[in-house]
Structure formats: C-alpha cells, structure tokens
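Here's the structure, in structure tokens; my notes come after.
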Amino acid sequence: MGLTVFEKAMLVVGIILVVACLVMFVVEERSISGKVVSPLVEGSKVYSIDIRYDSFYPEILDVNKGDTVVWTNKDEKMHEIQFNGYSLANSRPLEEGALHRYQFNEPGTYSYHCSVHPGLQGLIRVLEE
C-alpha cells in the first residue's frame, strides 16, 4: 500500500522544514561577527566574518597565528573572496549561506576584497601569539 498524493506532499513539506531549521541553526552558530565560534585545535580559535549589505563584518580582524577565519555570505548576492597577493586563501564563488574557511599560519597583514564587488574590502592581521 503506497502513500497518497497528500501524504507524499506532507512528507516533502516536513523534510523541507527540517532542512530549513538545520540551516538556520548552522547560520545562527556562525553569526557572531569577529567573535570566537569554536576551537578546531586546542589553543587555536575560529573567528567569524559575515558578508552582508555589501560589507565584511568586521572589516578588520586581529587573530593569532594558527587561528581560523570563517566567512559566511549572508547577502542575496554572490561574493568571492580574493586575497591581494595570496591566492591560497581565495574562495570559490559564495552563494547566499555559503561558507569559506582559512587557517592563518603565518603572521602578517592580509588584505582582501570581493572579486565580484571590488569596493568590498577587508583586512586580517595575524599576530604572533
């Protein structure tokens, strides 16, 4: 005995609602701009940068050597992170809700921008612990 059309439709709606709740939970966990999200390795930290309203939040972030930065695209527009002189950290095109992660292992100042919107710029300062 198979499911009726109504039961199938309700099953699809239920699955969509569960997925939407999971996505909202993940996005909420990553929404603390410039704050520590969770450690990956003992002694290191993970920081979050939101991309929203055609800006990086925060625009300037200080981290320690070994820390990781996670960018989350919260815009409806696509964005692509491109570092000035450091291609290893460049992202793929980021649709709304997509993440990009990079661990900074060398102290220095890393400027970056959105290759789709060149006026959108940010700066990561990696400090020796």
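The values are calculated or read from the model by the stated rules, or taken from the named source; none is laboratory data. Everything numeric here is computed off the predicted structure, so don't read it as measured data. Reconstructed Cβ throughout: ideal geometry from the backbone, glycine too, with neighbour counts over all protein chains shown.
Here are a few things to note about the model shown:
Yes or no, residue by residue, for (1) modelled with pLDDT under 95; (2) of a type in the set (Val, Ile, Thr); (3) touching a His at 6+ places or on another chain (Cβ under 9 Å):
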site	(1), (2), (3)
MET24	yes, no, no
ASP50	no, no, no
TYR57	no, no, no
ASN64	no, no, no
VAL69	no, yes, yes
ILE81	no, yes, yes
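- Members of region 89-113 found to be among the aliphatic types (A, V, I, L, M) and either without any contact (Cβ under 8 Å) to a residue 12 or more places away in the chain or closer than 15 Å to SER55 by Cα (or both), listed by number: LEU94
- Considering residues of region 56-67 that are among the charged types (D, E, K, R) and not in a strand (DSSP E or B) only, the residue surrounded by the fewest Cβ atoms within 10 Å (Cβ to Cβ): GLU59
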